[in-house]
Ligand code: HEC
């Protein structure tokens, strides 16, 4: 019986799978942690719930090199003020149980959403 895939094709498929799998797995681990921490109770990717849409956050901080740290700090300590016109002044609650690395991973996940300009409040 003839094997339809050449060794070369098979080898490059394996390389692609090997290169793409770890980062995809890391992304979904962050997503799972965010779900478990209740982030999606107040946030959706492309619509406001209680907090701003993550796509608006990605738009607001595009090109801002300090955004990961600022957002990680806000995720851990909570805060208010940036999104008042859209939220009516509701604060983001603190999550002191998260490590800085976990909060930074969440911030990167949020910033990696496709940016959408927030509508006029
Ligand atoms: C009880 C509702 C609620 C929960 C739960 C919540 N948030 Fe928020 N979040 C908010 C509100 C309200 C704001 C707007 C704060 C502001 O105006 O500065 C916000 C803002 C943010 C911002 C933008 C901060 C900024 O300064 O621009 C990020 C990023 C964010 N939240 C991520 C998260 C993550 C990650 C979690 C889960 C660990 C989470 N939020 C859980 C309500 C919530």
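The values are calculated or read from the model by the stated rules, or taken from the named source; none is laboratory data. Just so you know, these numbers come straight off a predicted model, no measurement behind them. Counting neighbours? That spans all protein chains shown, and the Cβs are built from the backbone with ideal geometry, glycine included.
Restricting attention to region 33-54, does a residue exist that is free of Cβ contacts under 8 Å to residues at least 24 places away in the same chain, part of a loop (DSSP other than H, G, I, E, B) and near the ligand (Cβ under 9 Å from one of its atoms)? Checked against the condition, which is being free of Cβ contacts under 8 Å to residues at least 24 places away in the same chain, part of a loop (DSSP other than H, G, I, E, B) and near the ligand (Cβ under 9 Å from one of its atoms), region 33-54 yields at least one hit. Note on region 95-106: among residues that are in a helix (DSSP H, G or I) and within 8 Å of the ligand (Cβ to nearest atom), the one that is surrounded by the fewest Cβ atoms within 10 Å (Cβ to Cβ) is 103.
Candidates 83, 109, 56: the one that is over 16 Å from the mean Cα position of the chain (by Cα) and either closer than 23 Å to residue 24 by Cα or surrounded by 19 or more Cβ atoms within 10 Å (Cβ to Cβ) (or both) is 83. Residue 72 meets the conditions (1) within 16 Å of the chain's Cα centre (by Cα); (2) more than 15 Å from residue 106 (Cβ to Cβ); (3) more than 8 Å from the ligand (Cβ to nearest atom) in every case but one. The failed one is (2). Per this entry, residue 27 is counted among residues that are modelled with pLDDT under 95 and surrounded by 11 or more Cβ atoms within 10 Å (Cβ to Cβ). Reported count of residues in region 41-61, each being over 24 Å from residue 99 (Cα atoms) and out of contact with any helix residue (DSSP H, G or I) (no Cβ under 7 Å at 6 or more places or on another chain), is 4. Output yes when any residue across region 86-94 is under 11 Å from the mean Cα position of the chain (by Cα) and more than 9 Å from the ligand (Cβ to nearest atom), and no when none is. Within region 86-94, none of the residues are under 11 Å from the mean Cα position of the chain (by Cα) and more than 9 Å from the ligand (Cβ to nearest atom).
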